[in-house]
Amino acid sequence: MIVRIAATAMPPIHDNPFGPCTPTLLREPIERLRTGHDLSQDQAHTAFTLIMQGSCPDVEIAELLLLLAARTPSVDEIVGAALAMREVSSTVQSGLPPASILDTAGTGGTPKSFNASTGAALVTAACGVHSAKHGNRSRTGRGSAEVLQALGFNLSCSRFAQATMLQQVRFCFCFAVEHHPAARHAVAARRALPFPTLFNLVGPLTNPAGARRQMIGVWHPMFMRPMAHALERLGVEHAVVLHSRDGLDEISIGAPTDVVEVSPDGIREWVVDPAALGIDPVDPLTLAPTSAEQAAQVLSQLLHGQRLDACHDMLALNAAMALRVGGAARDLREGLDMARRALKQGGGAHVLAQACELSMG
């Protein structure tokens with residue numbers, strides 16, 4: 001049975017894990033949030049700049065993140081925090097137009113199936129789209145970083161190497177830890193909280209290669225509209241924000257997926273129904289590997305065209321959406337045909353092999 005979480009549901013309120021907070025540097029934003037007001041873009045920018053400068057104690061950071069998580073974040077808060085993080089991030093200078101670069105990074109924070117968004121980035125690269133996959137390690141131990149590392153990718157490769165592989169093989173992986181070192185100042189507070197925070201929303205908005213085409217899955221449907229409006233304000237070329245009705249931050253094959261799309265034509269909402277595309281429904285959580293090594297094996301088999309199962313269907317569907325957002329496919333049906341052909345021919349595996357080799361240089 002598929003259970004849809006109500007869009008009005010809020011994260012549970014928790015006590016500050018570091019104890020009572022008497023704010024100092026973050027006094028103004030904390031007091032504003034305590035009294036039920038949103039932060040302006042400038043206030044959010046200032047607060048997150050202070051955090052990433054290492055100026056704030058963990059107790060204050062946790063209090064701010066708790067208060068921000070107590071309701072749906074405003075567009076101003078998302079944009080202000082994203083701009084603050086962008087200002088202190090290292091970038092990949094590939095020379096490619098940002099409007100031609102795609103990212104498939106999501107927010108995380110949901111039950112995890114297999115690495116569909118990572119696979120989608122590789123498949124779209126095989127189909128001609130420049131894909132700068134932004135990602136990190138996961139609490140599950142089998143996120144994009146762990147799996148790519150298990151497949152031979154050097155997570156610590158230089159920004160020059162990343163730019164080279166994006167130019168030459170149309171794929172690079174931007175390891176978030178290497179590009180956002182200032183975010184380390186919030187690590188203790190984030191780890192102490194039992195739910196995702198505004199940092200999870202901001203991460204996909206800070207692609208090091210400047211990608212302006214994005215497919216972003218979110219961990220709760222209440223974030224879809226504010227994220228879409230934030231993307232619009234930040235100047236995205238084409239993007240979709242999505243959440244599946246069975247609770248994933250990817251396009252599911254077990255249930256419809258709700259989509260908010262941002263394009264030059266404005267913002268619109270629609271639904272991806274896998275059954276309408278001829279895909280048999282399967283609970284995606286039954287596809288989940290149990291380790292990084294097993295997840296790497298699954299992804300490798302898919303990219304080499306060695307699996308024609310539910311994982312193949314889910315990867316092809318996510319790649320189809322990425323191809324549509326990347327400008328290579330007119331619609332999902334055309335994208336599915338392209339993705340399935342690339343998987344059958346092993347195109348994604350070839351891209352990954354080349355990228356791994358360049359990452360060692």
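The values are calculated or read from the model by the stated rules, or taken from the named source; none is laboratory data. Keep in mind that this is a model prediction, so the values were computed, not measured. Because the Cβ atoms are built from the backbone with ideal geometry, glycine has one as well, and the counts that use them run over all protein chains shown.
Just a yes or no: is a residue in the range 137-156 more than 30 Å from Asp309 (Cβ to Cβ), at pLDDT 95 or above and in contact with an Asp or Glu (Cβ under 6 Å, 6 or more places away or on another chain)? No, there is no match, as no residue in the range 137-156 is more than 30 Å from Asp309 (Cβ to Cβ), at pLDDT 95 or above and in contact with an Asp or Glu (Cβ under 6 Å, 6 or more places away or on another chain).
Residues in the range 325-336 that are in a helix (DSSP H, G or I) and touching a residue at least 24 places away in the same chain (Cβ under 8 Å) were compared, and the one that is farthest from the chain's Cα centre (by Cα) is Arg333.
Going through Val177, Val169, Val187, Val147 one at a time, which residue ends up being free of Cβ contacts under 8 Å to residues at least 40 places away in the same chain and among the β-branched types (Val, Ile, Thr)?
Result: Val187 is the single residue among Val177, Val169, Val187, Val147 that is free of Cβ contacts under 8 Å to residues at least 40 places away in the same chain and among the β-branched types (Val, Ile, Thr).
Residue-by-condition table, conditions (1) modelled with pLDDT under 95; (2) in contact with an Asp or Glu (Cβ under 9 Å, 6 or more places away or on another chain); (3) under 30 Å from Ser90 (Cα atoms):
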site: Gly19; (1), (2), (3): yes, no, no
site: Arg32; (1), (2), (3): no, yes, no
site: Leu39; (1), (2), (3): no, yes, yes
site: His45; (1), (2), (3): no, yes, yes
site: Ser55; (1), (2), (3): yes, no, yes
site: Asp58; (1), (2), (3): no, no, yes
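None of Ala316, Ala355, Ala322, Ala339 is crowded, with 22+ Cβ neighbours inside 10 Å, within 30 Å of Glu237 (Cβ to Cβ), touching a residue at least 12 places away in the same chain (Cβ under 8 Å) and in contact with a Ser or Thr (Cβ under 6 Å, 6 or more places away or on another chain) except Ala322.
Considering the range 156-173, and only residues there that are crowded, with 18+ Cβ neighbours inside 10 Å and more than 16 Å from Gly95 (Cα to Cα), the residue that is farthest from the chain's Cα centre (by Cα) turns out to be Cys157.
Here is a yes/no grid of residues against (1) hydrophobic (A, V, I, L, M, F, W, C); (2) touching a Ser or Thr at 6+ places or on another chain (Cβ under 7 Å); (3) in contact (Cβ under 8 Å) with a residue 40 or more places away in the chain:
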position	(1), (2), (3)
Trp219	yes, yes, yes
Met222	yes, yes, yes
Ala239	yes, no, yes
Ala255	yes, yes, yes
Asp273	no, no, no
Val282	yes, no, no
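Scanning the range 123-159 for residues being polar (S, T, N, Q), touching a Gly at 6+ places or on another chain (Cβ under 8 Å) and in a loop (DSSP other than H, G, I, E, B) gives a total of 2. Quick one: count up the residues across the range 76-93 that are surrounded by fewer than 23 Cβ atoms within 10 Å (Cβ to Cβ), in contact with a His (Cβ under 9 Å, 6 or more places away or on another chain) and assigned to a loop (DSSP other than H, G, I, E, B). Counting residues in the range 76-93 that are surrounded by fewer than 23 Cβ atoms within 10 Å (Cβ to Cβ), in contact with a His (Cβ under 9 Å, 6 or more places away or on another chain) and assigned to a loop (DSSP other than H, G, I, E, B) gives 4.
I need a count of the residues in the range 288-310 that are within 20 Å of the chain's Cα centre (by Cα) and assigned to a helix (DSSP H, G or I). Qualifying residue count for the region: 4. Checked against (1) touching a Phe, Trp or Tyr at 6+ places or on another chain (Cβ under 7 Å); (2) surrounded by fewer than 19 Cβ atoms within 10 Å (Cβ to Cβ), Val259 passes all but a single condition, namely (2).
The set of residues in the range 91-114 being in contact with a strand residue (DSSP E or B) (Cβ under 9 Å, 6 or more places away or on another chain) and either aliphatic (A, V, I, L, M) or under 21 Å from Ala150 (Cβ atoms) (or both) consists of Val92, Leu96, Ala99, Ile101, Leu102, Thr104, Ala105, Gly106, Gly108. Considering Leu122, Leu96, Leu102, Leu148, the condition of being of a type in the set (A, V, I, L, M), surrounded by fewer than 23 Cβ atoms within 10 Å (Cβ to Cβ) and out of contact with any Cys (no Cβ under 7 Å at 6 or more places or on another chain) is satisfied by Leu96 alone.
Restricting the range 46-70 to residues that are under 21 Å from the mean Cα position of the chain (by Cα) and farther than 19 Å from Thr22 by Cβ leaves a set whose member that is surrounded by the fewest Cβ atoms within 10 Å (Cβ to Cβ) is Ala69. List pairs: first in the range 84-103 and within 18 Å of Gln168 (Cα to Cα), second buried (at least 19 other Cβ atoms within 10 Å of the Cβ) and among the hydroxyl-bearing types (Ser, Thr, Tyr), Cβ under 6 Å, 6+ apart or cross-chain? Once the first residue is within 18 Å of Gln168 (Cα to Cα) and sits in the range 84-103, its partners that are buried (at least 19 other Cβ atoms within 10 Å of the Cβ) and among the hydroxyl-bearing types (Ser, Thr, Tyr) give Leu102/Ser131. Looking across the range 18-33 at every residue that is surrounded by 13 or more Cβ atoms within 10 Å (Cβ to Cβ) and among the charged types (D, E, K, R), the one that is nearest to His180 (Cα to Cα) is identified as Glu28. Suppose the filter is surrounded by fewer than 19 Cβ atoms within 10 Å (Cβ to Cβ), of a type outside the set (Lys, Arg) and touching a residue at least 40 places away in the same chain (Cβ under 8 Å); does Ala295 pass it? No.
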